[in-house]
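Asker: Okay, here's the structure, questions in a sec.
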Protein chains: 2
Amino acid sequence: MTVAPQLLPVAAARTARADRLSSWMRHKGLDHLLLTAPDQIRYATDYRAQLVSESTDWYAAVVDADGEAEIFVPFTDHVMERPEPAVDRLRRLHPAPSWAPAACQPRQWVTGLSVVLRARGARRVGFDVLDAALLHDLWTDLPRLSFLPCAAELFTLRAVKDDSEIQLIDIACRINTAALDKAVQAAQPGMRDHDLLAVAAEHQHSLGAEFLTHSVCNIRKGSGSWFADGAPLREGEPFFLDTGCHGPGGYASDAARTGFLGEPPPAVSRAWSHLLTAYEEGRNAARPGVRCSTVHDTMNAYLLRHDLPPTPYGTGHGVGLRCCELPSVNAATRMDTDDTLRVGHVIALEPETAVEVEGRLMVLKIEDNFAVTPSGLRCLTRATTSDDSAP
Amino acid sequence: MTVAPQLLPVAAARTARADRLSSWMRHKGLDHLLLTAPDQIRYATDYRAQLVSESTDWYAAVVDADGEAEIFVPFTDHVMERPEPAVDRLRRLHPAPSWAPAACQPRQWVTGLSVVLRARGARRVGFDVLDAALLHDLWTDLPRLSFLPCAAELFTLRAVKDDSEIQLIDIACRINTAALDKAVQAAQPGMRDHDLLAVAAEHQHSLGAEFLTHSVCNIRKGSGSWFADGAPLREGEPFFLDTGCHGPGGYASDAARTGFLGEPPPAVSRAWSHLLTAYEEGRNAARPGVRCSTVHDTMNAYLLRHDLPPTPYGTGHGVGLRCCELPSVNAATRMDTDDTLRVGHVIALEPETAVEVEGRLMVLKIEDNFAVTPSGLRCLTRATTSDDSAP
């Protein structure tokens, strides 16, 4: 499963992203970007800033329209010139305050960023996420610069993937699905939710995941109550796992599997069978030119027609350098934009339903990741063993 | 290891935090807070919003000075009144756009938040993190409200912990340390960095961790190059692991262990022994009333006196509902504020040094978590087996 680094299309993905970003910056008249979210930094520079789940503002990249980057990092006490000879456009690393949210060290950050933005002659700077007080101070320090929020546009730009990006997502999906399958296969009565997540996490790491994004397990809890709490598995009951990780290269996978211990009650089997059919109808509906809400409505309408509760949240989302990005797949009334599916989108679909048996609610869920191709969806996550009919 | 939920001081921690926050809000003249970071939401409401590593803005809590809260969540299609009967002050949950950064759905968010803020008669609202475009739209929608950035002040407020909070950190530390020790003990020549992280993650989950925050492993790489890449362990070489997790209740632990396979070269043994002494001097220096920079300088000065490279980044940080919060322990020139240690602070100390043997750089590191008590530090993470003298 572990893919030799030289076989990963990382350089191709880096070039494709840099070209797309550069065109967009020129079109917007931006001479620099100031990025702090690890996935935005990765997109623009390929630099890995997801050190910890909470390192959402420990790094900052200043990137120009040629893709040349200077990055603030928390682990050095001196400027490092051309730290990665193989990455030509990564000019230098600067020391940043270590191990605290950026909001806690505004003067350190404003001083460092101002020096670099001034030295580069920045004028119109797009940014993704900045603490409001820090942004205010930066603006005060650099009154001749324009700072323009552009997180939403960056996510829009990222929604359509290059083939190399889809290959990297595919590798993350293979890791994540294999880990999920191992956990479902390991399930035995008496094991706890924590034990299943342990199996999944162990395999995500040993198969070469870069970063574990989430691992939830639902045993006898309602929708939204996805957190393991020591619940033991019992014969005849379903459970589901929803896990995610970044593969080598930083791209994500986000998938879910329902498992059964022994023979479930007939009402559960019926609901599960209907969920799979609803899912199949949603997958078949999803093709280029179709609105995301149509895919969502197709799955939920099928569930409702069969007297099952519909998914009480969005049934899908884009997958890329985040587990969850654009396009959103939800009811039209729940989205700012009801996007049209396009070739190159990569989406997760994740319908859910529930059934009450002897006063106990049992939630059923499935989630795979798909590339949108001219002829429809191509599954990037292997089918669950309980669903041999899935693509 | 798994602690029975009824034995966790979660309710005590919730009350202590709510009281502290309430006093602070009244002192600041804030009638509401608008919080989106999972740890800030947890602090103010005890509600768990860390669903995925990237769910940093999928939830939003509106909290008044009595601690009464309404929370936007991504997993429901309808308003849920009093969703947790045991949590009196959690009034209702509202549907929020699912599975996308908030910046991608500004109208959905602004509409939802405006309705709630208006209905509650909010006037002066402190906020932690909001997308700049979304904040602009919210302000336009609610021109009579004041929105005041307060992330930095919230982190300052959080730095001193109640005893119940320290107990919860202690539980997270026991989980994290046991997982680290298992991984170090499992190390064998030929195993890869990924395999060690697999052992650690498996144990974090099976011991009841809520959420895995990070897992890095350094084998024959420089400082800052902490990411597993398939490197195999070799006889006579050191390696280090740095892992973190949230325990039950949401509090974090962040620790690191260096391991050795067989007998390391004399230069490595010497450097390791000096690192442990530097660490001991830092620990002994750390007591109430001492500046954080003094602790930092003590450790690095010792390393420099013994011709070893000092830690090239901050040697410590607070630990709480984030792995890394205030106070920062760094050089005075690298911090906005050189805090004085106080009873109730919980800190990580993490000195590092390196030694070159036959042209290969070997990085050595150790990290534990400590509560600051009147008489000095109390270790919350068990000593590494290689350091029996540690507290």
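The values are calculated or read from the model by the stated rules, or taken from the named source; none is laboratory data. No experiment lies behind these values; they were computed from the predicted model shown. FYI the Cβ positions are ideal-geometry reconstructions off the backbone, even for glycines, and counts take in every protein chain you see. Areas reflect the complete protein model, heavy atoms only, side chains present, ligands, DNA and RNA absent. Shrake-Rupley method; radii C 1.70, N 1.55, O 1.52, S 1.80 Å.
Asker: Identify the single condition in (1) outside any helix (DSSP H, G or I); (2) within 7 Å of chain B (Cβ to nearest Cβ) that A:Gly121 does not satisfy, given that it satisfies every other one.
Answerer: Answer for A:Gly121: the failing condition is (2).
Asker: Could we say that B:Ser293 is open to solvent by 20 Å² or more (accessible area, probe 1.4 Å), in contact with a strand residue (DSSP E or B) (Cβ under 9 Å, 6 or more places away or on another chain), modelled with pLDDT of 95 or more and not aromatic (Phe, Trp, Tyr) here?
Answerer: Criteria not met by B:Ser293.
Asker: Quick one: which residue in B:Gly316, B:Gly320 is free of Cβ contacts under 8 Å to residues at least 40 places away in the same chain, within 14 Å of chain A (Cβ to nearest Cβ) and surrounded by 21 or more Cβ atoms within 10 Å (Cβ to Cβ)?
Answerer: B:Gly316
Asker: Hey, another quick one. If A:Ala60 satisfies all but one of (1) more than 18 Å from A:Leu157 (Cα to Cα); (2) surrounded by 23 or more Cβ atoms within 10 Å (Cβ to Cβ); (3) touching a Lys or Arg at 6+ places or on another chain (Cβ under 8 Å); (4) of a type outside the set (Val, Ile, Thr), what's the number of the condition it fails?
Answerer: With (1) more than 18 Å from A:Leu157 (Cα to Cα); (2) surrounded by 23 or more Cβ atoms within 10 Å (Cβ to Cβ); (3) touching a Lys or Arg at 6+ places or on another chain (Cβ under 8 Å); (4) of a type outside the set (Val, Ile, Thr) applied to A:Ala60, the lone miss is (3).
Asker: Taking interchain pairs and intrachain pairs at least six residues apart, which have beta carbon atoms under 6 angstrom, with the first residue in segment A:245-267 and at positive phi and the second crowded, with 24+ Cβ neighbours inside 10 Å?
Answerer: A:Gly249/A:Leu168; A:Gly250/A:Arg42; A:Gly250/A:Leu321
Asker: Among the candidates B:Arg42, B:Arg89, single out the residue that is open to solvent by 10 Å² or more (accessible area, probe 1.4 Å), over 25 Å from A:Ala256 (Cβ atoms), touching a residue at least 40 places away in the same chain (Cβ under 8 Å) and in the same structural domain as B:Val10 (by TED's automatic domain parsing). Before the answer, list the steps.
Answerer: Details: B:Arg42 fails: over 25 Å from A:Ala256 (Cβ atoms).
Being open to solvent by 10 Å² or more (accessible area, probe 1.4 Å), over 25 Å from A:Ala256 (Cβ atoms), touching a residue at least 40 places away in the same chain (Cβ under 8 Å) and in the same structural domain as B:Val10 (by TED's automatic domain parsing) holds for just one of B:Arg42, B:Arg89, which is B:Arg89.
Asker: Sort out which residues of segment A:248-275 are under 30 Å from A:Ile171 (Cβ atoms) and either in the same structural domain as A:Leu51 (by TED's automatic domain parsing) or among the polar types (S, T, N, Q) (or both), and write them in order of number.
Answerer: Going through segment A:248-275, the residues under 30 Å from A:Ile171 (Cβ atoms) turn out to be A:248-260, A:272, A:275.
Residues satisfying the conditions are A:Ser253, A:Thr258.
Asker: Filter segment B:124-144 down to residues that are more than 10 Å from chain A (Cβ to nearest Cβ), surrounded by fewer than 20 Cβ atoms within 10 Å (Cβ to Cβ) and in contact with a helix residue (DSSP H, G or I) (Cβ under 9 Å, 6 or more places away or on another chain), then give me how many there are.
Answerer: Initial filter on segment B:124-144 (more than 10 Å from chain A (Cβ to nearest Cβ)): B:124-126, B:137-144.
Still in the running and surrounded by fewer than 20 Cβ atoms within 10 Å (Cβ to Cβ): B:124, B:137, B:139-144.
Pick out the ones that are also in contact with a helix residue (DSSP H, G or I) (Cβ under 9 Å, 6 or more places away or on another chain) and you get B:124, B:137, B:140-142.
Counting residues in segment B:124-144 that are more than 10 Å from chain A (Cβ to nearest Cβ), surrounded by fewer than 20 Cβ atoms within 10 Å (Cβ to Cβ) and in contact with a helix residue (DSSP H, G or I) (Cβ under 9 Å, 6 or more places away or on another chain) gives 5.
Asker: May I ask you to verify whether A:Ala12 is part of a loop (DSSP other than H, G, I, E, B) and among the aliphatic types (A, V, I, L, M)?
Answerer: So A:Ala12 does not fit the description; no.
Asker: For segment A:75-92, what are the residues that are farther than 26 Å from A:Leu145 by Cα and either within 14 Å of chain B (Cβ to nearest Cβ) or small (Gly, Ala, Ser) (or both)?
Answerer: Passing the criteria: A:Phe75, A:Thr76, A:Asp77, A:His78, A:Met80, A:Pro83, A:Glu84, A:Pro85, A:Ala86, A:Val87.
Asker: While we're looking at this one, here's another question. Hey, among the residues in segment A:103-118 that are small (Gly, Ala, Ser) and within 12 Å of chain B (Cβ to nearest Cβ), which one's surrounded by the most Cβ atoms within 10 Å (Cβ to Cβ)?
Answerer: Restricting to residues being small (Gly, Ala, Ser) and within 12 Å of chain B (Cβ to nearest Cβ), the top hit is A:Ala103.
Asker: Hey, another quick one. Which residue pairs have Cβ atoms under 7 Å apart, sit 6 or more places apart or on different chains, and have a first residue in segment B:342-359 that is small (Gly, Ala, Ser) and a second that is open to solvent by 20 Å² or more (accessible area, probe 1.4 Å)?
Answerer: B:Gly344/B:Val160; B:Ala354/B:Ser223; B:Ala354/B:Pro309; B:Ala354/B:Leu361
Asker: Let me ask something additional. What residue, of A:Arg382, A:Arg305, A:Arg287, A:Arg378, is open to solvent by 10 Å² or more (accessible area, probe 1.4 Å), away from chain B (no Cβ under 11 Å) and more than 24 Å from the chain's Cα centre (by Cα)?
Answerer: A:Arg305
Asker: So which of B:Leu157, B:Leu135, B:Leu168, B:Leu196 is touching a strand residue (DSSP E or B) at 6+ places or on another chain (Cβ under 7 Å) and within 28 Å of B:Leu326 (Cα to Cα)?
Answerer: Exactly one of B:Leu157, B:Leu135, B:Leu168, B:Leu196 is touching a strand residue (DSSP E or B) at 6+ places or on another chain (Cβ under 7 Å) and within 28 Å of B:Leu326 (Cα to Cα), namely B:Leu135.
Asker: Name every residue in segment A:51-65 that is within 14 Å of another protein chain (Cβ to nearest Cβ) and either of a type in the set (Val, Ile, Thr) or closer than 16 Å to A:Gln105 by Cβ (or both), in order of residue number.
Answerer: A:Val52, A:Glu54, A:Ser55, A:Thr56, A:Asp57, A:Trp58, A:Tyr59
Asker: Name the residue, out of B:Gln167, B:Gln188, that is outside any helix (DSSP H, G or I) and among the polar types (S, T, N, Q).
Answerer: On inspection, the qualifying residue turns out to be B:Gln188.
Asker: Something else: Confirm whether A:Ala354 is of a type outside the set (Val, Ile, Thr), within 24 Å of A:Ile175 (Cα to Cα) and not in a loop (DSSP other than H, G, I, E, B).
Answerer: No, not satisfied.
Asker: Give segment B:261-274 a look and list any residue that's of a type outside the set (D, E, K, R), in a loop (DSSP other than H, G, I, E, B) and open to solvent by 30 Å² or more (accessible area, probe 1.4 Å), or say none.
Answerer: Start the filter on segment B:261-274 by keeping residues that are of a type outside the set (D, E, K, R), which leaves B:261-262, B:264-269, B:271-274.
Still in the list and also in a loop (DSSP other than H, G, I, E, B): B:261-262, B:264-265.
Listed by number, the residues that qualify are B:Gly262, B:Pro265.
Asker: Quick one: is B:Ser215 closer than 26 Å to B:Ser53 by Cα and either at pLDDT below 95 or not in a helix (DSSP H, G or I) (or both)?
Answerer: Here the answer is yes, as B:Ser215 does meet what is asked.
Asker: Please work out which one of (1) acidic (Asp, Glu); (2) within 8 Å of chain A (Cβ to nearest Cβ); (3) open to solvent by 40 Å² or more (accessible area, probe 1.4 Å) is the condition B:Glu210 fails and give its number.
Answerer: (3)
Asker: Then there is this: Assess whether B:Leu180 counts as being in the same structural domain as B:Leu51 (by TED's automatic domain parsing) and in a helix (DSSP H, G or I). Break it down stepwise before answering.
Answerer: Working: in the same structural domain as B:Leu51 (by TED's automatic domain parsing): no; in a helix (DSSP H, G or I): yes.
Criteria not met by B:Leu180.
Every residue, every condition in (1) open to solvent by 10 Å² or more (accessible area, probe 1.4 Å); (2) of a type in the set (S, T, N, Q); (3) more than 8 Å from chain A (Cβ to nearest Cβ), yes or no:
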site	(1), (2), (3)
B:Phe155	no, no, no
B:Pro189	yes, no, yes
B:Asp195	yes, no, no
B:Lys221	yes, no, yes
B:Phe227	yes, no, no
B:Gly230	yes, no, no
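Asker: If you don't mind, there's one more thing I want to ask. Which one of these is of a type in the set (S, T, N, Q), open to solvent by 40 Å² or more (accessible area, probe 1.4 Å), assigned to a helix (DSSP H, G or I) and within 10 Å of chain B (Cβ to nearest Cβ): A:Thr333, A:Thr337, A:Thr277?
Answerer: Values: A:Thr337 fails: assigned to a helix (DSSP H, G or I); A:Thr277 fails: within 10 Å of chain B (Cβ to nearest Cβ).
None of the other options fit; the residue is A:Thr333.
One line per residue, one yes/no per condition, for (1) at pLDDT 95 or above; (2) closer than 30 Å to B:Thr15 by Cα:
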| site | (1), (2) |
| --- | --- |
| B:Ala179 | yes, no |
| B:His203 | yes, no |
| B:Ser206 | yes, yes |
| B:Ala231 | no, no |
| B:Val268 | yes, no |
